[in-house]
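The structure appears right after this line, and notes come after that.
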Amino acid sequence: MKVLVGVDPGLAHFGFSFVELLPDSLVPFRMSLIKTEKSDKKLKVLESDDNTRRGREVAKEFRLALEDIPVPIAFCVEAQSFPRNASAAAKTAISWGIVIAAAERLDIPIFQARPQEIKQKLCGGKASSKQAVQDSIDAMFGAAKIHSLVEDLSKTKLEHPYDSVGAVVACADSDLLRMMRRMA
């Protein structure tokens, strides 16, 4: 089994999916979300310490999830967007550090697709809505199948696992992944 791991990195919401790479198709078999919460401000925890704790939580849960599947052949990740403030930039950097460290540990490549590329690939337009992306993934893989893969999440949190599958779909057209697909 050749597995691609889709990732929508974030510290509060880290969406990921496992997708089987077949010669002529992609087959998602798990979609999930790792959520972390800020510490209560009344505890007077430094934000940097709190971010470290949250990063460790994400890293541990992601590592455990990766242990449940065959070694993947690549990560397909929604590319970094550059936040407008230092706090958001720090959280983005921590979540990307988790992805990079996991890829290094597994000795696999990381492919990236910008959010606009994902929307273009799935919906035909760079300005498509999150709902349009979800509808396109439901249509591509079957809504009933996709909904059975998404762990018990509120409708507002579904975007992150869906975006991780979107990253796989968008990255699947890279030259290297096309070659891996032919070898599958």
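Left without a cysteine partner by the 4.7 Å Cβ rule in the chain: Cys123. Helix 47-67 and the longest principal axis of the Cα set of the chain meet at an angle near 30°. Among [x] 16.2, 56; [y] 18.8, 58; [z] 16.1, 49, which is the computed Rg and Dmax of the Cα atoms in Å? From the options [x] 16.2, 56; [y] 18.8, 58; [z] 16.1, 49, the structure gives [x].
Under a model in which nothing but the beta-carbon of Lys, Arg (+1) and Asp, Glu (-1) is charged, segment 3-183 shows a dipole of about 480 debye around its Cα centre.
Taking 0.36 nm per residue of separation and subtracting the current Cα-Cα distance, fully stretching the chain between Asp24 and Met140 would add 40.4 nm. The amide H of Ala74, built 1.01 Å from its N in the peptide plane, has Val5 as neighbours under 5 Å, considering only residues 5 or more places off or on other chains.
The angle between the Cα long axis of helix 86-106 and the longest principal axis of the Cα atoms of the chain comes to about 50 degrees, rounded to the nearest 10. The trypsin sites (Lys or Arg not before Pro) of segment 48-150 that DSSP puts in a loop, and whose beta carbon has at most 16 other beta carbons within 10 Å, are Arg84, Lys126.
For the pair Arg114 and Ala86, label points projected 7 Å from Cα toward Cβ lie 2.8 nm apart.
Since every read-out is calculated from the coordinates, none of them should be taken as a lab result. Just so you know, these numbers come straight off a predicted model, no measurement behind them. Neighbour counts are summed over all protein chains in view; Cβ atoms, including those assigned to glycine, are modelled from backbone coordinates with ideal geometry.
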